[in-house]
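What follows is a single structure, written as structure tokens, with notes after it.
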Amino acid sequence: MLSGKNVVLGVCGGIAAYKACDIVSRLKKLGANVDVIMTDSAAEFVAPLTFQTLSQNPVVQDMFEEVSAWDVRHISLAKKADVFLIAPATANIIGKMANGIADDMLSTTVMATKAKVMIAPAMNSAMYENAVLQRNIEVLKELGCAFVEPESGRLACGDVGKGKLAQPEDIVEIVQQQLLSTCELSGKTVLVTAGPTSEAIDPVRYITNHSTGKMGYAIAKAAIRKGAKVILVSGKTNLKPPLGLEKFLAVESTMDMYNAVVENLDGCDIIIKSAAVADYTPKTKSDKKIKKTEGELVLELQRNPDILFEIGKIKGDRILVGFAAETDDLMENAAKKIEKKNLDFIVANDITKEGAGFGVDTNIAKILYRDGSVIELEKMSKDELSEIILQKVAELSGK
């Protein structure tokens, strides 16, 4: 995903420096090249060798170290960066940057870069709330630096408050958004549905399916990276809502999802319905737990509203995309859905194939258009598939 991208990571002195190791590891797994600059204080918390091993690049610390080849190191790194990330960022480096002080390798290099600078502060809550620090943060924001807000919680010193370094996965996601951001869907609002719906039988039991929401959440992330405003309507999942959403709506039943979608249709340009909704719901729901008996329990089910069908009737000029998860007659069933539900195209996959369907990070899909044309795709990650889906949407939208 980040192949060919260069991230320069500045690590400052603080207990949160150990979390920067996770940041490097995650960026490398995404294919990015990472160069680490450490302050002398940071090296007191984590050995440079750790970052050298994780990044597979020499770690830069001393401005005056001997070099084997001629280059001005802080200038070459500053030019190399596609994104310049400082995590953790101390009050010291924030103060230096805000006031134009360049007296070590990190502050000198960041002053020389023309790349996007992203800063993830981490410090005691009293330091973070200090008026001078807050002024320095505002100065840097006005100069174009982006900040990854720290979290609240118990700090290393025992205090409780705001100042914890943001989670490494959140920092990496924001870096990824910056590196992959495009304008293909700028000015568009995209509504995505994701995950399963659940239909209550009683306060304890419910009917649901195996959907994990991974496909829908990947689509939401891809849409954000392409510049769209994204509304995500999601059933219950174990996933964290993507950063940068315009709106996140958590729902349970199919009727809940139907209502959320209809209420948010105004202003939407694109609807991508990847949720696996329950087609049926118990006709009667007990408000008390149904006790076991000697006999059999018979559930009478009634149809839920067909969300995609109902949207298709009122879609107007909107782009409408659906999914078909099938076990047999894949293309025949997908073709029927695209016609019946007035879709622009449908993403069809055979969930009996290994590496496709629910609960996995990959998918094997075919994209079927209204005119009958088909794009057959190889097995790929759901992140990669989401990029292709959004690219096809952008083509239809004329971007």
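I need the full set of residues from the stretch 102-143 which are closer than 19 Å to Met38 by Cα and among the polar types (S, T, N, Q), in order please.
Result: Ser107, Thr108, Thr109, Thr113.
Within the stretch 186-220, which residues are at pLDDT below 95 and within 30 Å of Ala115 (Cα to Cα)?
Once the filter is applied, which keeps residues that are at pLDDT below 95 and within 30 Å of Ala115 (Cα to Cα), the stretch 186-220 yields Ser186, Gly187.
Could you tell me how many of the residues in the stretch 268-277 are in a loop (DSSP other than H, G, I, E, B) and more than 15 Å from Phe309 (Cβ to Cβ)?
Total meeting the criteria: 3.
Only one of Ala122, Ala87, Ala91 is touching a Lys or Arg at 6+ places or on another chain (Cβ under 7 Å) and at pLDDT 95 or above. Can you tell me which?
After applying the criteria, what remains is Ala122.
Out of the stretch 300-312, which residues are in a loop (DSSP other than H, G, I, E, B) and surrounded by 14 or more Cβ atoms within 10 Å (Cβ to Cβ)?
Asn304, Pro305, Asp306
Name the single residue, out of those in the stretch 358-392 being over 26 Å from the mean Cα position of the chain (by Cα) and part of a loop (DSSP other than H, G, I, E, B), that is modelled with the highest pLDDT.
Selected residue: Ser373.
Do you know which residues across the stretch 269-298 are within 30 Å of Leu390 (Cβ to Cβ) and charged (D, E, K, R)?
If the condition is that a residue be within 30 Å of Leu390 (Cβ to Cβ) and charged (D, E, K, R), then Asp269, Lys273, Asp279 are the ones that fit.
Return yes or no: is Val117 in contact with a strand residue (DSSP E or B) (Cβ under 8 Å, 6 or more places away or on another chain), over 24 Å from Gly163 (Cα atoms) and in contact (Cβ under 8 Å) with a residue 24 or more places away in the chain?
no
Name the helices (runs of 4 or more DSSP H) wholly within the stretch 89-129 that hold at least 2 residues that are in contact with a helix residue (DSSP H, G or I) (Cβ under 7 Å, 6 or more places away or on another chain)?
In the stretch 89-129, 91-98, 105-112 are the helices (runs of 4 or more DSSP H) which contain 2 or more residues that are in contact with a helix residue (DSSP H, G or I) (Cβ under 7 Å, 6 or more places away or on another chain).
Residue check: is Ala120 out of contact with any Leu (no Cβ under 9 Å at 6 or more places or on another chain), within 15 Å of Leu9 (Cβ to Cβ) and among the aliphatic types (A, V, I, L, M)?
So Ala120 does not fit the description; no.
Might you let me know whether the stretch 287-299 holds any residue that is surrounded by 22 or more Cβ atoms within 10 Å (Cβ to Cβ) and either in a loop (DSSP other than H, G, I, E, B) or more than 24 Å from the chain's Cα centre (by Cα) (or both)?
No: zero hits.
Take the residues in the stretch 37-52 that are touching a strand residue (DSSP E or B) at 6+ places or on another chain (Cβ under 9 Å) and not in a helix (DSSP H, G or I), then tell me which one is farthest from Val7 (Cα to Cα).
Out of the qualifying residues, it is Val46.
Within the stretch 231-289, work out how many residues are free of Cβ contacts under 8 Å to residues at least 24 places away in the same chain and under 21 Å from Arg318 (Cβ atoms).
6
Take the stretch 318-357 and flag every residue that is among the charged types (D, E, K, R), assigned to a loop (DSSP other than H, G, I, E, B), over 19 Å from His210 (Cβ atoms) and without any contact (Cβ under 8 Å) to a residue 40 or more places away in the chain.
Once the filter is applied, which keeps residues that are among the charged types (D, E, K, R), assigned to a loop (DSSP other than H, G, I, E, B), over 19 Å from His210 (Cβ atoms) and without any contact (Cβ under 8 Å) to a residue 40 or more places away in the chain, the stretch 318-357 yields Asp329, Lys341.
State which residue pairs qualify: first residue not assigned by TED's automatic domain parsing to the domain that holds Gly161 and surrounded by fewer than 14 Cβ atoms within 10 Å (Cβ to Cβ) and inside the stretch 129-140, second residue hydrophobic (A, V, I, L, M, F, W, C) and at pLDDT below 95 in any location, beta carbons under 9 Å apart, and separation of 6 or more residues or different chains.
So the pair list comes out empty.
Any residue at all in the stretch 221-235 that's buried (at least 20 other Cβ atoms within 10 Å of the Cβ), assigned to a helix (DSSP H, G or I) and of a type in the set (Gly, Ala, Ser)?
yes
Which residue is modelled with the highest pLDDT, if the candidates are limited to the stretch 1-15 and must be assigned to a loop (DSSP other than H, G, I, E, B) and under 23 Å from Gln177 (Cα atoms)?
Restricting to residues being assigned to a loop (DSSP other than H, G, I, E, B) and under 23 Å from Gln177 (Cα atoms), the top hit is Lys5.
Which of the residues that make up the stretch 299-336 are out of contact with any strand residue (DSSP E or B) (no Cβ under 9 Å at 6 or more places or on another chain), within 28 Å of Gly267 (Cα to Cα) and of a type in the set (D, E, K, R)?
Asp306, Glu310, Lys313, Asp317
Within the stretch 151-219, considering only strands (runs of 3 or more DSSP E) that don't extend past its boundaries, which have at least 3 residues that are within 18 Å of Gly244 (Cβ to Cβ) and touching a residue at least 12 places away in the same chain (Cβ under 8 Å)?
Fully inside the stretch 151-219 and qualifying: 189-194.
The values are calculated or read from the model by the stated rules, or taken from the named source; none is laboratory data. Keep in mind that this is a model prediction, so the values were computed, not measured. Note: ideal-geometry Cβ built from the backbone for every residue, glycine included; neighbour counts use all protein chains shown.
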